[in-house]
Amino acid sequence: MTAKISYDAVEVGTEVPTREFRVNRADLVRYAGASGDFNPIHWNEKFAKEVGLPDVIAHGAYTMAEAARVVTEWAGDPGALVEYGVRFTRPVVVPNDDKGAVIEIGAKVTAKLDDEARTVRLDITATSAGQKVLGRARAVVRLV
């Protein structure tokens, strides 16, 4: 697979459409099984509150993966992702109800880095319940 977005068609300021991802407690259990991260803060409400959290929280890597997904789906190829990094600023609190939590993720091209390599930098925004959950979230993507 190769990226489907053309480097020449992208300018600084190009926005990646914002997407919403709903996450519930069942998703966290499945993610724990896939990742091997069974920390009780991700499934045990009593434990999460005992350690000072407001409730069960999503895995940071889960949130990070959803943000990367927005970028790679926009680019059209997961292999187009050259660099990626985030800082976790606030947890995604996942209530024990039918709705769960919603993570909203968008991105914007903030630099065309290398005309020869056809790489761009994107700054990613990720929020949940009106709070920024990822900081300094950036990706470098190689386009066609």
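If you go through the stretch 17-48 and pick out every residue that is open to solvent by less than 50 Å² (accessible area, probe 1.4 Å), within 14 Å of GLY60 (Cα to Cα) and charged (D, E, K, R), you end up with 1.
For the stretch 100-128, taking the residues that are outside any strand (DSSP E or B) and either without any contact (Cβ under 8 Å) to a residue 60 or more places away in the chain or under 20 Å from ILE41 (Cβ atoms) (or both), the one that is most open to solvent (accessible area, probe 1.4 Å) is identified as GLU116. Scanning the stretch 129-144 for residues that are crowded, with 20+ Cβ neighbours inside 10 Å and closer than 18 Å to GLY60 by Cα yields a count of 4.
Can you tell me which residue within the stretch 79-99, out of those that are touching a Leu at 6+ places or on another chain (Cβ under 9 Å) and over 27 Å from ALA26 (Cβ atoms), is most open to solvent (accessible area, probe 1.4 Å)? Looking at residues that are touching a Leu at 6+ places or on another chain (Cβ under 9 Å) and over 27 Å from ALA26 (Cβ atoms), I get ARG87.
Considering the stretch 49-68 alone, what residues qualify as being without any contact (Cβ under 8 Å) to a residue 24 or more places away in the chain and either assigned to a helix (DSSP H, G or I) or open to solvent by less than 60 Å² (accessible area, probe 1.4 Å) (or both)?
Taking the stretch 49-68 and keeping what is without any contact (Cβ under 8 Å) to a residue 24 or more places away in the chain, we get 49-52, 65.
If the condition is that a residue be without any contact (Cβ under 8 Å) to a residue 24 or more places away in the chain and either assigned to a helix (DSSP H, G or I) or open to solvent by less than 60 Å² (accessible area, probe 1.4 Å) (or both), then LYS49, GLU50, ALA65 are the ones that fit.
Select from the stretch 70-99 the residues that are among the acidic types (Asp, Glu) and outside any strand (DSSP E or B) and write down the one among them that is nearest to PRO54 (Cα to Cα).
Let us first name the residues in the stretch 70-99 that are among the acidic types (Asp, Glu), namely 73, 77, 83, 97-98.
Checking the rest, the ones that are also outside any strand (DSSP E or B) come to 73, 77, 97-98.
Numbers: GLU73: 32, ASP77: 37, ASP97: 15, ASP98: 18 Å.
That would be ASP97.
The values are calculated or read from the model by the stated rules, or taken from the named source; none is laboratory data. Here the structure is a predicted model, which means the values were calculated and not measured. We place every Cβ from the backbone using ideal geometry, glycine too, and count neighbours over all the protein chains shown. For accessibility, only protein heavy atoms count, side chains too; no ligands or nucleic acids. Shrake-Rupley method; radii C 1.70, N 1.55, O 1.52, S 1.80 Å.
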